[in-house]
């Protein structure tokens, strides 16, 4: 993974896109990290989800914010995600292509720390934005000014 | 329009702390979380590379504390509005690293309840803030969760 520095990026630069597909095995593993086996729910079982009026099983919100965050943590080894703030606008289905993308909206040195502000999106293959948000990341400077 | 007028709920919950629990963080848990979600940054998944970083070992990814939050476990604030509810949004602030071997304690409180009116009519949001503190008393993460309630289209006709 490459290193990225504050001087390498400018406001308006795109981040990504990155393609992802989330399947039921990944959701089950995510729900199992604290131990135990997840039971049937809207997150793991199509029939259960349909009985709740959904089109099929969906990805948990807690997993969606994590996956969208990985657009930034996976951008470069030197990126440090400080804050991410998202709105869940639509259900995220299993086994469908998802596109993660972002754009740098601001860059500044705050309390001596070089930071970027970014808008981030997760959208489906029809271009509908399912999760939108913004984030603050810290990056090192190529030449440490401190 | 945003307002809290006319919303019926138990206001005694505002600002009152509730313990979610104390959690021991293992290296296995961090690796499992990272692998399950597809994390690739070496500071979360690669011992050797993480050892060479400013952290000296792997740390938990920034949204890791989400594992310990479950919206269904929040106290019932007796919000009397709407017939459907959903998870509307979340903000996670990573304040300090969470490391293998840490014990983190989570405490939550009702931060705000407010109404907004949009195209689909009135919606009422309840915002919970959860603070995660490690065994040294340092805050490691702050998480705001927004839950919304509104009337379904069926009930509006």
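Derivation of every value follows stated rules applied to the coordinates shown; laboratory data play no part. The model shown is predicted, which means the values in this text are computed figures rather than measured ones. Glycine also receives a Cβ, built like all others from the backbone with ideal geometry; neighbour counts cover every protein chain displayed.
Odds and ends about this structure:
- Share of alpha-carbon pairs per 20 Å distance bin for the protein assembly as shown, given as whole %: 31, 60, 9, 0
- Relative contact order (%) - criterion: Cα under 8 Å, at least six apart; region: chain A: 29 percent
- Within the listed set A:51, A:124, A:23, the Gaussian network model of chain A (springs between alpha-carbon atoms below 10 Å) gives the highest mean-square fluctuation for A:51.
- Dividing the helix sum by the residues of the protein assembly as shown, where each DSSP H run of 4 or more adds -39500 (n - 2.57), gives a mean residue ellipticity at 222 nm of -4500 deg cm²/dmol.
- Rg over Rh, two decimals, segment B:18-74 (C-alpha only, Kirkwood Rh): 1.05
- Calculated FRET efficiency, residue B:22 to residue A:24, Cβ-Cβ distance, R0 = 22 Å: about 0.10 to the nearest 0.05.
- With 5 Å bins from 0: P(r) over chain A, alpha-carbon pairs, percent: 2, 9, 18, 19, 16, 13, 9, 7, 5, 2, 1, 0
- Separation of alpha-carbon centers, segment A:120-144 and segment B:102-139, rounded to whole Å: 22 Å
- Computed E for residue A:105/residue B:117 - FRET, C-beta separation, R0 25 angstrom, nearest 0.05: 0.35
- Extension gain from residue A:37 to residue A:14, taking 0.36 nm per residue of separation minus the Cα-Cα distance: 4.4 nm
- Two-decimal ratio, segment A:1-51, of alpha-carbon radius of gyration to 2.2 N^0.38 Å: 1.89
- Translational diffusion of segment B:37-157, µm² s⁻¹ [Kirkwood Rh, Cα pairs; Stokes-Einstein; 37 °C; 0.692 mPa s]: 197 µm²/s
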